[in-house]
Structures are given as C-alpha cells and as structure tokens.
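A short reminder: the numbers here are calculations on the coordinates, not readings from a lab. What you see is a predicted model; the values in this text were computed from it and never measured. Heads up, the Cβs are rebuilt from the backbone with ideal geometry, glycines too, and the neighbour counts pull from every protein chain shown.
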Amino acid sequence: MTAPAWKQPLIDLYLERALLRGDFTLASGKKSNFFLDSKQVTLHARGLDLISRAMLEAVSDLQYDAVGGLTIGADPIVSGMVALAASSQPDLVGFIVRKETKDHGTQKFIEGPVKKGDKVLIVEDVVTTGGSALKAVDRIQEFGCEVICVVGICDRLEGGAAAFEARNLPFRALITIDDLGVPRNPN
C-alpha cells in the first residue's frame, strides 16, 4: 500500500519545524530527550493546510457532525479542518474544550456550536499517553455527544493508542515517532 501524498511532506515539516532535542517534561509528566512543538507546524500556513487536508482524508470514511479537542493544541487543527471543509461538508462545526470553566459568562467547558447528540471527532496534535485527548473525550461526552474517533497528528507510541482502546475509542494518527526516525524514549 502506498503512503498518502501528504505523508512525506508532513514528516518533512515536522523534522524541519517541530522536532526539538534536549531534556523536556511532557504534559503527561514523562521525561523525554525530544519534544514535538506542533504549534510550529499547525500555526504555519502550509503546515495547517497540509494537516487539515490529511485529517479530513484520514476520516473520510466516517460520519460526524463536529470536530474539536482540548485547547490549545487542538485549536488551530479544529479551525483549519472546519474552514477547509466548507465546500464539501458545509454543516461541519468545530468546538473547543476548555481546561477549566470560565469564571464569568456562561461558565462552560465546551465552546462552539456543537449540540447534544452530535457525533464528534476529537483531534490532538501530539499523542503520548492520550491524557489530553481523554480529558476532551470526557468533557464532550458529559455534554452529551458521541465520540466516534480520536485523531492525532503524531503518535509518540507511548501508550496513547492503548488508552483509547481501553475506552473503546477508535484512534488514527497521521504519523508516528517512528516516521520521524527518532528513537523512542525508554519507559
């Protein structure tokens, strides 16, 4: 099976713009000798266009009403996918899951025009243990939506897929850390 046309350009962008080497503490609390600063790609015109097209292609076999994820990693991805889908899926909506409720106004965790009962995708930039995406899953399920798939840009292959499987959540990643040729962190 041949790789999708977007895969190598995405790998190249991650190697060029996002891969950092050093000593890092990840959102999961794990230590790592590399970091993927995805915002260097998702907040870049060519990068966001490539990621949005790749994500929409990766889920083209699924039926869904909305796409969203935990702020801030998911924010540009959600916006890019919704904007790009305007001609093919004009009713697609995006949503953002806050890490905490606002202390004013509506005090909501979920922002955007998503409705109870909608079938949704949860998007994530980098998946390590899956904790951030699962936080978004929990919030949107509490809101009343059905999560049909979690989609990440890059899977670090450090337990995220297993965490999603344990919750019966289908998972797809555009690329993995192996695609970037980076040795995995010892566990």
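Between 0 and 90 degrees, the angle of helix 131-143 with respect to the longest Cα principal axis of the chain falls at about 10 degrees.
The long axis of helix 45-58 is offset from the longest Cα principal axis of the chain by roughly 70 degrees. The separation of the stretch 47-82 from the stretch 148-187, counted between C-alpha centres, amounts to 16 Å.
Name the shape class, rounded, prolate or oblate, that the alpha-carbon gyration tensor gives for the stretch 1-116, where a ≥ b ≥ c are the square roots of its eigenvalues, rounded holds for a/c under 1.5, and otherwise prolate holds if a/b is larger than b/c and oblate otherwise. Because a/c hits 1.5 or more and a/b fails to exceed b/c, the stretch 1-116 counts as oblate. With the simple model of a label 7 Å out from the Cα in the direction of the Cβ, ILE72 to ARG172 spans 2.9 nm. Here are some pairs, LYS30/LYS99; LYS7/LYS31; LYS7/LYS119; LYS39/LYS99; which of them have Cα atoms lying more than 22 Å apart in this structure? LYS7/LYS31; LYS7/LYS119, as the Cα separations exceed 22 Å there. Of all DSSP-defined beta bridges confined to the stretch 7-180, some 25% are antiparallel rather than parallel. Dipole magnitude for the chain: about 300 debye, using +1 per Lys or Arg Cβ and -1 per Asp or Glu Cβ, origin at the Cα centre.
The stretch between ASP49 and ALA27 holds 5.4 nm of extra length on full extension. This uses 0.36 nm per residue minus the Cα-Cα distance. Taking other Cβ atoms within 10 Å as a rough exposure proxy, TYR64, TYR14 sort from fewest to most as TYR64, TYR14. Highest mean packing comes first when the peptides 137-143, 65-71 are listed by Cβ atoms within 10 Å, giving 65-71, 137-143.
Rounded if a/c is under 1.5, else prolate if a/b beats b/c, else oblate: with a ≥ b ≥ c from the C-alpha gyration tensor eigenvalues square-rooted, which is the stretch 65-187? Prolate, because a/c is 1.5 or more and a/b exceeds b/c.
Relative to the longest principal axis of the Cα atoms of the chain, the long axis of helix 75-84 makes an angle of roughly 70 degrees.
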